[in-house]
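The values are calculated or read from the model by the stated rules, or taken from the named source; none is laboratory data. Nothing here was measured: the structure is a model prediction, and the numbers come from that model. So basically every Cβ, Gly included, is an ideal-geometry build from the backbone, and we count neighbours across all protein chains shown. What goes into the accessible areas is simple: the full protein's heavy atoms, side chains included, and nothing from ligands, DNA or RNA. Shrake-Rupley method; radii C 1.70, N 1.55, O 1.52, S 1.80 Å.
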Amino acid sequence: DPQLIGGRCAECGSVTFPQPPSCARCGSTSVESHPLPRRGTLWTFTTQGFLPKEPYAGGETPETFQPFGVGIVELGDVVRVESRLTEADPGRLRIGMEMELRIVPFRTDDDGTEVMTFAFAPTGDTDGEG
């Protein structure tokens with residue numbers, strides 16, 4: 001199963017995503033790879049209704065662009081991660097709902113290589129109770 005890897009400071013214990021070269025909290029350079037939970041809670045969200053610019057562009061054109069959900073997902077009590085969401089309909093999203101990591105297509109490069117990215121999907125649990 002796919003998993004995001006963040007960074008955990010060996011000095012103060014702060015966890016971040018993505019893994020930084022040094023700790024933003026205490027400045028230590030002792031930051032180690034730290035696997036993050038695959039499931040979390042939708043902390044907040046919005047819908048992106050305009051074509052993103054580089055480096056966030058996924059290869060859409062103004063004619064093919066479809067709005068998409070963007071949210072902040074709290075992974076346990078560890079860290080909050082900004083991410084695309086697999087659901088774009090705000091009526092189907094709710095703060096507090098359970099989300100799970102997915103790997104989804106992002107774009108296809110000129111040479112035909114499919115580039116993947118991560119996104120979070122509702123787990124089907126609509127009451128946020130886990």
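Can you tell me what share of the DSSP beta bridges in the chain is antiparallel? A percent to the nearest 5 is fine. All intermediate terms of the calculation are to be shown ahead of the outcome.
On the way: 33 of 35 bridges.
The answer is about 95 percent antiparallel.
For Asp1, put the label point 7 Å out on the Cα→Cβ axis and report which residues of the stretch 16-40 keep their amide N under 13 Å from it.
Answer for this model: 36-40.
With the full set of protein chains in place, find how many percent of the accessible area of the stretch 1-61 is carbon and sulfur; take the probe as 1.4 Å. Don't jump to the answer; show the numbers that get you there.
Numbers: 1980 of 3840 Å².
Of the solvent-accessible surface of the stretch 1-61, carbon and sulfur hold 51 percent.
Hey, can you grab everything whose amide H is under 5 Å from the amide H of Leu4? Only 5+ residues off in sequence or another chain; H modelled, so Pro and N-termini drop out.
Leu36
With a 10 Å radius around each residue's Cβ, average the other Cβ atoms per peptide and rank 57-65, 31-39, highest first. All intermediate terms of the calculation are to be shown ahead of the outcome.
Working: 57-65: 11.2, 31-39: 15.0.
The densest-packed peptide leads the list: 31-39, 57-65.
Send over a whole-number figure in Å² for the accessible area per residue of the chain, probe 1.4 Å.
Numbers: 7870 Å² over 130 residues.
That works out to 61 Å² for each residue.
What is the packing order of peptides 69-76, 14-21, 116-123, taking the mean over residues of other C-beta atoms within 10 Å and listing the highest first? Please list the in-between numbers first.
Values: 69-76: 20.1, 14-21: 14.6, 116-123: 17.0.
Highest-to-lowest ranking by the protection proxy: 69-76, 116-123, 14-21.
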